[in-house]
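I have placed the structure first, in the form of structure tokens, so that the comments after it can refer back to it.
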Amino acid sequence: MSATSPHTDRILMGPGPGNPYPEVIEAFSRPVMGHLDPEFIVLLDETNDRLRQVFRTQNPLTFPVSATGSAGMEATIVNTVGPGDTIVIGINGVFGERMCDVASRCGADVVRVEAEWGMALDQQELLDAHPSPKVIAVVHAETSTGVRNDVTEIGAGKGDSLLLVDCVTSLGGIPLEIDEWGVDLAYSGTQKCLGVPPGISPVTVSAAAIKRFVDRSPSWYLDFSMIAAYVTGGAARAYHHTAPISMIYALHAGLGVVLNEGLENVHARHQACGDRLQAGLVDRGFELFAEEGHRLPELTAVRIPEERLPDGMSEADVRSVLLERYGIEIGGGLGPVAGKVWRIGCMGHTARQRNVTMLLGALDELMV
Ligand code: PLP
């Protein structure tokens, strides 16, 4: 394969990106407008409205940060915690750990609440970890393990604390209720269940969180109080940075697909694909990695049965053959489970029964 002619027929069943929706690919061919063109502003406003519908929130400050999911993580943290502030963070995979890294760089006091990889976090333990933290932070869908961490009890019991939730792998894939669950800050990514390429981070921020922003964010680019005037400023809109126009078109289109299909239908499609994939893997002797009752349909982690790998092949070889022979990408494990689990995504446009059939069929041909 030449670097200038990427494959067009890959089935992206890794931990993300998934395959973009066809409407999203089409959106990239629209003429590029100026970022302060009134027509673009209408489209940006519409994108924000669509994000509110998908996040299930009324928060006026809901918009796409012009950078990947990690920028959403960093933005929500640098605007809310500084030196001396306490943040309780749940860690049961790579992305909870990443939040700790970001928060400690802000000088915050980080209180860690851990669960074994593959297990869900205990919500009461998070509530009990500190009497009055400024923020309690949790990853809703841990992409490194396939675990869903619930946050409803934290939302109900958080008192004056702010609840911050990473929704990178949950938005548009599984039920998520920002307002009903009492979530104050949330961020996501485009490349997972929204069926858009990577590069944008949708965020939403409650009125309570806005009142408790740090005085001056140490990040210029991610300072919400400056971006707010640009994204929600109405007539007072002023230049903050040049928006990635074509990516906003793409996000607008991806959200349109999700809303046209209907959020409940999209969730049901993800659930049906995940259920069939997980049942098919168990039938074939694979052991699912995530705790029962907390398994994500959009991201399935399975232990790799060493004894069933084809003769002389490593797990990485099998993934290469899946890619080269069948055009299917699946992901390897991260951190302590590298080489021990595979991570299989069924996200956005990739969450189709035909893709599940293809992968299970390929595994039948390959595994011994
Ligand atoms: N949080 C979670 C749960 C993720 O899965 C990811 C990426 O996979 C991120 C954060 C970081 O997002 P990005 O890679 O888009 O910066």
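Looking only at segment 91-109, which residues are buried (at least 21 other Cβ atoms within 10 Å of the Cβ) and hydrophobic (A, V, I, L, M, F, W, C)?
Those that are buried (at least 21 other Cβ atoms within 10 Å of the Cβ) and hydrophobic (A, V, I, L, M, F, W, C): Ile91, Phe95, Met99, Val102, Ala103, Cys106, Ala108.
Regarding Gly118, is this residue crowded, with 19+ Cβ neighbours inside 10 Å, at positive phi, out of contact with any Lys or Arg (no Cβ under 9 Å at 6 or more places or on another chain) and touching a residue at least 24 places away in the same chain (Cβ under 8 Å)?
yes
May I ask you to list the residues in segment 66-86 that are within 16 Å of the ligand (Cβ to nearest atom) and farther than 29 Å from Thr47 by Cβ?
none
Just give me the residues in segment 297-316 being open to solvent by less than 40 Å² (accessible area, probe 1.4 Å) and farther than 15 Å from Gly333 by Cβ, in sequence order.
Across segment 297-316, the qualifying residues are Pro297, Glu298, Pro310.
What number of residues within segment 338-354 satisfy the criterion of being out of contact with any strand residue (DSSP E or B) (no Cβ under 6 Å at 6 or more places or on another chain) and of a type in the set (A, V, I, L, M, F, W, C)?
Result for segment 338-354: 4.
Residue by residue, here is whether (1) within 17 Å of the chain's Cα centre (by Cα); (2) in contact (Cβ under 8 Å) with a residue 40 or more places away in the chain holds:
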position: Asp85; (1), (2): no, yes
position: Phe95; (1), (2): yes, yes
position: Gln124; (1), (2): no, no
position: Ala129; (1), (2): no, yes
position: Pro133; (1), (2): no, yes
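Is there any pair linking a residue in segment 269-291 that is assigned by TED's automatic domain parsing to the domain that holds Arg308 and closer than 17 Å to Asn355 by Cα to one that is open to solvent by 30 Å² or more (accessible area, probe 1.4 Å) and not charged (D, E, K, R), with Cβ under 7 Å and at least six apart or on different chains, and which?
Cys273/Gln353; Arg276/Gln353
Looking at this structure, is Glu142 open to solvent by less than 10 Å² (accessible area, probe 1.4 Å), of a type in the set (D, E, K, R) and assigned by TED's automatic domain parsing to the domain that holds Ser170?
For Glu142, the condition - open to solvent by less than 10 Å² (accessible area, probe 1.4 Å), of a type in the set (D, E, K, R) and assigned by TED's automatic domain parsing to the domain that holds Ser170 - is met.
Okay, residues lined up against (1) farther than 21 Å from Glu291 by Cβ; (2) within 16 Å of the ligand (Cβ to nearest atom); (3) not β-branched (Val, Ile, Thr):
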{"position": "Asp122", "(1), (2), (3)": "no, no, yes"}
{"position": "Val138", "(1), (2), (3)": "no, yes, no"}
{"position": "Ala141", "(1), (2), (3)": "no, yes, yes"}
{"position": "Asn149", "(1), (2), (3)": "no, yes, yes"}
{"position": "Ala156", "(1), (2), (3)": "yes, no, yes"}
{"position": "Val165", "(1), (2), (3)": "no, yes, no"}
{"position": "Ser170", "(1), (2), (3)": "no, yes, yes"}
{"position": "Leu185", "(1), (2), (3)": "yes, yes, yes"}
{"position": "Gly189", "(1), (2), (3)": "yes, yes, yes"}
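Report whether or not Asp9 is open to solvent by 60 Å² or more (accessible area, probe 1.4 Å) and among the acidic types (Asp, Glu).
yes
Residue by residue through segment 91-109, note down the ones that are within 19 Å of Asn149 (Cα to Cα) and either among the aliphatic types (A, V, I, L, M) or within 12 Å of the ligand (Cβ to nearest atom) (or both).
If the condition is that a residue be within 19 Å of Asn149 (Cα to Cα) and either among the aliphatic types (A, V, I, L, M) or within 12 Å of the ligand (Cβ to nearest atom) (or both), then Ile91, Asn92, Gly93, Val94, Phe95, Gly96, Glu97, Arg98, Met99 are the ones that fit.
When you look at His294, is it open to solvent by less than 20 Å² (accessible area, probe 1.4 Å) and more than 21 Å from Thr350 (Cβ to Cβ), yes or no?
no
If a residue must be part of a helix (DSSP H, G or I) and exposed (fewer than 14 other Cβ atoms within 10 Å of the Cβ), how many such residues does segment 234-252 contain?
Final tally of qualifying residues: 3.
Does Arg30 satisfy the condition of being open to solvent by 50 Å² or more (accessible area, probe 1.4 Å) and more than 30 Å from Ala207 (Cβ to Cβ)?
So Arg30 passes the test.
The values are calculated or read from the model by the stated rules, or taken from the named source; none is laboratory data. Remember, predicted model here, so these are calculated numbers, not experimental data. Every residue, glycine among them, receives a Cβ derived from its backbone with ideal geometry; neighbour counts consider all protein chains shown. These accessible areas exclude ligands, DNA and RNA; they are computed on the full protein's heavy atoms, side chains included. Shrake-Rupley method; radii C 1.70, N 1.55, O 1.52, S 1.80 Å.
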